[in-house]
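One structure is given below, encoded as structure tokens.
The values are calculated or read from the model by the stated rules, or taken from the named source; none is laboratory data. Quick caveat: nothing in here was measured; it's all calculated off a predicted structure. Note: ideal-geometry Cβ built from the backbone for every residue, glycine included; neighbour counts use all protein chains shown. We work out accessible area using only protein heavy atoms, side chains counted, and drop any ligands, DNA or RNA first. Shrake-Rupley method; radii C 1.70, N 1.55, O 1.52, S 1.80 Å.
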Amino acid sequence: MRLLIKNARLVDGSGELGTADVLIEEGRIASLAGGDAERVLDAGGRWLAPALTDPHVHLRTPGQETKEELATGLAAAARGGYGTVVAMPNTEPVIQEPEQVRALSDEARTLPGARLLVAAALTENQEGRKLTPAALLARAGAALLTDDGRTNEDAGVLARGLVYAAAAGLAVAVHAEDAGLRGGGVMNDGPLAAELGLAGNPPEAEAARIARDLEVLRYAARKAAALGHAPRLYLQHVSTARGAALVAAARAEGLPVMGEVTPHHLTLTEEAWRGFDARFKVAPPLRTEGDVEALIGALERGGLSAVGTDHAPHTAAEKERDLENAPFGMPSLEVAFPLLYTELVERRGLPLALLIERMTTGPRAALGLAPARLAEGAPADLMLFDPAEKRTVDPARFVSKARYSPWAGRELVGWPLLTLVAGREVWRDAGLA
Ligand SMILES: [Zn+2]
């Protein structure tokens with residue numbers, strides 16, 4: 001069945017493309033100049049963009065379905081304007097065998113939300129010692145390899161992992177914090193942690209690990225080149241000014257590294273801890289105003305080239321524990337785009353196309369996927385959003401199982417009203433005629 005989306009303002013990572021009537025047929029954009037269709041939808045001048053890609057979500061399946069399930073996580077993603085998400089493998093059991101990757105992918109295809117890509121562990125049980133079979137995992141459809149949730153303490157294992165992943169065509173994603181320096185820190189280390197009497201996690205824990213990982217990458221790139229391959233290192237959730245500067249310098253030098261930044265590190269600071277509320281507990285921790293400014297600058301200039309949510313749902317009861325014992329992580333799939341549209345585009349004048357690029361093509365590069373473009377013949381993975389209608393973040397209405405939010409009560413614009421995956425409607429807001 002053909003669908004015509006009339007009167008839409010088009011934007012993708014290449015720029016704003018003017019108003020057009022978009023014809024969708026057999027899962028692809030058939031025309032940007034209208035045409036006959038069985039179904040017609042008037043976009044009313046709202047923005048139509050490629051559906052977003054999130055390279056970093058925790059869907060807690062298998063084994064932790066009290067926190068999130070595939071169905072709720074993929075529905076939350078669709079509602080947030082995401083067409084594709086990559087689920088992390090720190091589940092119970094850990095996702096590390098080809099059969100697990102196939103089974104999860106197959107299950108997701110029966111569900112109505114966003115498209116699921118599955119990340120597999122880099123090392124057995126994410127223990128950082130013995131590598132998983134990269135080539136077999138790639139053949140089973142794994143999107144990347146990562147021990148996220150844990151840190152990679154053994155540099156030699158990471159170097160070999162990068163080489164084998166390169167040969168298999170996969171990127172390696174890392175949670176770059178030095179475990180020893182981080183210690184038992186629950187919030188950013190500094191005067192505020194001292195004032196509140198809480199254990200600090202210093203920015204140097206991240207910067208030191210990023211610096212090490214860049215040297216590991218330099219070595220792995222040399223090893224892999226001798227075999228005719230090129231590794232890709234993806235640094236997850238960079239949270240500090242120093243970390244961002246290190247990634248930017250390495251990219252300028254030509255090292256094959258990509259850096260990710262999260263919606264929370266772009267919009268919240270450690271000051272949130274004054275409320276002693278574990279909703280703000282996340283790893284790496286919320287940092288200072290200076291870090292937020294540096295991260296936004298790095299996102300704008302491309303030192304950090306991807307936004308990943310690190311959507312990390314826990315039960316409300318877990319997050320109501322005291323600050324030392326509550327788990328790290330926050331849910332954000334349903335608010336990430338309106339949050340960043342409001343805070344970065346509306347309030348700070350970041351170009352819309354740039355934000356779209358960092359939420360589509362940037363993450364897709366880490367996955368080895370083609371840029372997301374609105375062009376005839378391109379897949380109809382699309383997202384329609386309203387730049388004007390204000391809505392308040394109301395976690396009680398989340399479809400994610402994690403119905404709390406550090407942004408609860410914030411008034412935002414830019415809410416996705418329609419998300420299509422290969423032309424199939426996976427989210428449609430009741431307010432869309
Ligand atoms: Zn992480």
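Structure notes:
- With 0.36 nm allotted per residue and the present C-alpha distance subtracted, the Glu195-Glu389 stretch has 65.8 nm of extension available.
- In degrees, nearest ten, helix 289-301 long axis to first principal axis of the chain (Cα): 60 degrees
- Nearest-ten-degree value, helix 155-167 long axis tilted from longest Cα axis of the chain: 30 degrees
- Taking 0.36 nm per residue of separation and subtracting the Cα-Cα distance, full extension of the segment from Arg397 to Ser14 would add 134.5 nm.
- Binning the C-alpha pair distances of the chain at 10 Å intervals from 0 yields a P(r) profile of 5, 23, 33, 27, 11, 2, 0 %, listed from the shortest bin outward.
- The spacing between segment 245-268 and segment 311-367, judged by their C-alpha centroids, is 16 Å.
- With eigenvalues of the C-alpha gyration tensor scaled by 5 and rooted, segment 282-355, Å: 27, 14, 10
- Ranking Thr151, Pro112, Pro256 by Cα position along the charge dipole of the chain, where only Lys, Arg, Asp and Glu carry charges on their C-beta atoms, puts Pro256 farthest toward the positive end.
- Our note on the geometry: Cα centres of segment 380-406 and segment 196-241, 32 Å apart.
- In the chain, helices alone account for a calculated mean residue ellipticity at 222 nm of -8500 deg cm²/dmol, with every DSSP H run of four or more residues adding -39,500 (n - 2.57).
- The lysines within cross-link reach of Lys319, meaning a Cα-to-Cα straight distance under 17 Å and a gap of 8 or more places when in the same chain, are Lys67, Lys281, Lys401.
- Here Lys390 is the anchor, and the aspartates and glutamates within straight C-alpha reach of less than 16 Å, apart from those fewer than 8 places off in the same chain, are Glu334, Glu343, Glu346, Glu411, Asp429.
- Multiplying the residue separation of Val40 and Arg321 by 0.36 nm and removing their Cα-Cα distance gives an extension gain of 96.2 nm.
- Other residues with beta-carbon under 14 Å from the beta-carbon of His229 carry, at +1 per Lys or Arg and -1 per Asp or Glu, a net charge of +4.
- Cα gyration tensor shape for segment 79-234, rounded if a/c is under 1.5, else prolate or oblate: oblate
- Surface share of carbon and sulfur [accessible, 1.4 angstrom probe, percent] for the chain: 50 percent
- Theoretical FRET efficiency, 1/(1+(r/R0)^6), r = Cβ-Cβ of Asp154 and Ala103, R0 25 Å, to 0.05: 0.30
- Positive dipole terminus of segment 51-372, leading residue within Gly161, Val335, Pro284 (C-beta point charges): Gly161
- Per residue accessible area of segment 51-372, 1.4 Å probe, in Å²: 34 Å²
- Given charges at beta-carbon only (K, R positive; D, E negative), |dipole| of segment 295-433 in Debye: 100 debye
- Förster radius 51 Å - calculated FRET efficiency between Glu204 and Ala33 (Cβ-Cβ, nearest 0.05): 0.40
- Total charge dipole magnitude, segment 51-372, about the Cα centre, Cβ charges on Lys, Arg, Asp, Glu only, Debye to nearest 20: 1040 debye
- The amide H of Asp386, built 1.01 Å from its N in the peptide plane, has Gly414, Trp415, Leu417 as neighbours under 5 Å, considering only residues 5 or more places off or on other chains.
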